[in-house]
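One structure below.
The values are calculated or read from the model by the stated rules, or taken from the named source; none is laboratory data. Here the structure is a predicted model, which is why all the values come from computation and not from measurement. Cβ placement follows ideal geometry from the backbone for every residue including glycine, while neighbour counts extend to all protein chains displayed. Accessible surface is based on the protein model in full, side chains and every heavy atom, while ligands, DNA and RNA are left aside. Shrake-Rupley method; radii C 1.70, N 1.55, O 1.52, S 1.80 Å.
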Amino acid sequence: MFPRLAAGAVSEVSTVTNEANWLLENAWLIALLPAISFVLILFFGKKMPFKGAEFGITAVSISFILAILTGAAWMEHRDNFTLDTFGEKAAVLVDDGAGSAVDNVTLAVGTAAEAAGGDGQAYVAVQKTTQWLQSGGVEFNAGIMVDGLSVMMLFVVTMISLLVHIYSTDYVGGDRRYTHFFAFLSLFTASMLFFVLSDNILQMIVGWELVGVCSFALIGHWWEEKPNSDAALKAFITNRVGDVGLLVGMITLFFAAGKGMTFDTITINENILQGGVSHTALVVAAACLTIAVMSKSGQFVLHTWLPDAMAGPTPVSALIHAATMVVAGIYMVARLFPVFWEGMQIDGSSINFLATVGAVTLVGAGLLAFVQDDIKKVLAYSTVSQLGYMAMALGVGAWTAAVFHLFTHAFFKANLFLGSGSVAHAVHSFDMKKDMGGMRKFMPKTYVTFLIGSLALAGLFPLAGFWSKDEILVNTGGWGILGGSASAPGSYTFHFVMGMIGAALTAAYMTRCVYLTFHGEYRGGHHDDHAEDHADDHGHHGEPHESGPRILYPLYILSAFSILVGFVNFPPGFLTGSKKDPAGWQERFLHFIEPAGSSYFPAVGHATPSWWLAIVASLVAVAGAGAAFTYYFVKVDRLAQRTGEHLVGLPNGVTTTNALARAGHKLLVNKYYLDHLYTGIIAGGTKGPIAKAAYWVNQNVLDGTVDGAGRTAVQSGKLVYEKIDQGVVDGAINASGRTSAAIGEELRHINTGRVQNYAAIMFAGAAILAGAFVLLLAL
Amino acid sequence: MLLNQFLLLSAVLFCLGVYGVLARKNGMLVLMSVELILNAVNINLVAFGAFRTDVGGSVFALFTIAVAAAEVGIGLAIVLLMYRNRRSIDLTQADLLKG
């Protein structure tokens, strides 16, 4: 690092040793605390009064407070770090000529940083690196990189994790592996924090895999039941498929963009943006990394593990789907954005791999959410769909919109998952059709929070989802007649349309979910077999009742966030601030998070927001919700009241009367037959028909050839055989064979099978060798 | 520096160990004899290290001790399993690999 400082004038310097805020330099503490808590719970958890939960909660609380303080420090740093101070400090350093490559704090500053603005503010990431080892000129470093993106992730991960911890003390209370559960919750949090703080791609791979292992352990928490351990295995193995893409992509990046010298994320990004990196290599890297995203972030064709991961305890689902694991893929793309920006030529284009995968996932998973009876599976497919939004946004160049959606989604999705857990806790089931219905009467508080989460997810003004979804749609730039903006990175019309369809679908399936769970009549209370399993410490067989405070308070907090977090990034033109601060609340998120003008981030255009688009998108969502509302709240409800039956759909609905609709429904119920494809055709095919076919080819084609050659050889061989072989060669062979047989016959007596005889021979051999050695020395 | 005396001691220990390994029937005693051999080596290492005022010898001795601990762990496990399966740890009876 240091030699690069001396390379030229300040404006060309890309990293410089500098003093940054203590909190920013020591953000690794945030990841370390949960890791310590993991070890403590593992060793002392069972002996503690709260069975180890206190370690986890304390550690994550401190991490959360540190994350908030780090966020504040980052804002201060972002606003007040000017190029003037940077220049002075750099000059001092050049004078000193001192500095070591090890353990120094570096700040990445763009070559273009001077041009970033007349106010002299620069977006400068804080990086602190320690050399781990060096081999063949390649440095293997361990370090942290703190910029807006990682600070945002620190906040989200620690906050959701803290709420999940508190919630879990009630939800999994009395579980036989309670301590084990908290240990892995801590490790999961630590892994994700480690991942988002990584300053090099090697460390990212480690964090990525750690997150995968923890999710495996937590999804399979109740492994005594086969489906649960199967789901854990499925999650793990599906992720292995994507990990191949990750490894190939990262290796390609290391050699192409890191020049085979460095794993440093900032350097790699800078090299790509400065040009001179082979475009082919970038295409390969971007495609491989997209495959990694497909498995980790549940994008289409590799998303199948994610709904099955619902087998884990609900708090884990909330953690996986809101803050950790699945957003790892999105975070990775955001972190290595130049790879995709250049590799897929996002700018000025209208289609690319990543955006299309995202768009297909968005609609495909949205449709699947319609046919699920399990409330958690609706939410799981909803997560897949929303991750599709994020992947699509990244693919169309809407970096800030994608990250913003990640941010808002974390809160309302955690809210919904924990809400569904609260309901399931009361009825001991996740089946909306069989065991729920009418829950609003029993659990009014959960109902309100769940409703807020649903509205936020559906993207209705002014809740959080509205702002982030609108920003994504705007930045697709493919919305011509609605007053399109030339400043968007590309013009992705297809993706815009898919985004609109997705908005309608989201609103509709959430309406269905809310109806089936909370409205109509209670359909549960008939599972006596269940009651015995769960009767242990709850003791309520009859009517479900509202959950306790440790479940409700996290829900309240998350609901408040679901309403409010959208306000941190008002589009320009909305709610103009005071005279003193004209920008007001506009684009604060963008200002603090997006590394615009820094050396490791491309110059991404931002579309001007449009009132028309916002109105149309809202209307589309309302239309989706309205259609579902008419079906469930009006038609089904009325019929149910008239007949007095418990209905979950119309008896003569479109899926029963229309063949096409029925076929579509069947396709959805079977999840596009992807699981059949994977287990039946690919896995089954490999061991069944394909193996048979290979055997047939082997027997008939290959053997035929061999046989033909063999017969010819036999003819000629016979001649040789009789003359040469029998006479000369065989004689020699037989003789040697007989000799070895005779020797073997003698030697087998040595092979007594007794270990001491062997040892004696070994010692004798060693003694002879030692003797020979001494003799050799003497000579 | 009394190097010779140390070497002599180590040689004696080594020979005792070899004798034990080759002649005892009891699996436990054979394991203990192996420890004797390893410790003879350790004495050599430390003695030479001290003789040459080189700390490396002692370091290697420490490594040997660590390896010996691992080895005896496996050895004991084998003897224990053998006892479970045969109700005896007589090594002369364990000759399933007889050629």
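Side notes on the structure shown:
- Peptide B:18-24 is shielded by partner chain Cβ atoms: per residue, an average of 3 of them sit within 10 Å of its Cβ.
- Volume per residue that the Cα convex hull of the stretch B:25-90 spans, once the total is divided by residue count, Å³: 43 Å³
- ³J(HN,Hα), Karplus 6.51/-1.76/1.60, whole Hz, each residue of the stretch A:751-765, x for Gly, Pro: 6, 6, x, 8, 5, 6, 5, 4, 4, 4, 5, 4, 5, 4, x
- Alpha-carbon Debye profile of the stretch B:1-44, log10 I(q)/I(0) at 0.14, 0.17, 0.21, 0.32 Å⁻¹: -0.31, -0.43, -0.58, -0.99
- Built amide H within the under 5 Å cut-off of A:ALA125, gap 5+: A:ALA108
- Efficiency of FRET between A:SER350 and A:VAL697 - r from beta-carbon atoms, R0 56 angstrom, step 0.05: 0.80
- A crude spin-label estimate for the pair A:LYS441 and A:THR58, with each label 7 Å from Cα along the Cβ direction, gives 4.7 nm.
- For B:LEU3 and A:TRP223, a Förster radius of 51 Å and the Cβ-Cβ distance give a FRET efficiency of 0.25, rounded to the nearest 0.05.
- Measuring nothing but protein heavy atoms, the accessible surface of the stretch A:223-378 at 1.4 Å probe radius is 68 percent carbon and sulfur.
- Accessible surface for the stretch B:25-90, divided over its residues, is 63 Å² per residue with a 1.4 Å probe.
- Label-to-label distance, A:TRP22 versus A:SER278, with points set 7 angstrom from Cα along the beta-carbon direction: 4.9 nm.
- Kyte-Doolittle mean at least 1.6 and Cα axial length at least 20 Å: DSSP H helices in chain B: B:3-23, B:27-51
- Inter-site label distance for A:LEU769 and A:MET261 at 7 Å from Cα along Cβ, in nm: 4.6 nm
- Chain A packed on chain B takes about 1000 Å² of accessible surface away from a 1.4 Å probe, both sides summed.
- Cβ-Cβ FRET estimate between B:ASP95 and A:THR130, R0 fixed at 60 Å, reported to 0.05: 0.60
- Highest average first, the peptides A:405-411, B:57-63, A:39-45, A:461-467 ordered by how many other beta carbon atoms sit within 10 Å of their residues are A:405-411, A:461-467, A:39-45, B:57-63.
- The packing ranking of peptides A:737-750, A:594-607, A:386-399, highest mean first, is A:386-399, A:594-607, A:737-750, where packing means the average number of other beta carbon atoms within 10 angstrom of each residue.
- Surface share of carbon and sulfur [accessible, 1.4 angstrom probe, percent] for the stretch B:25-90: 74 percent
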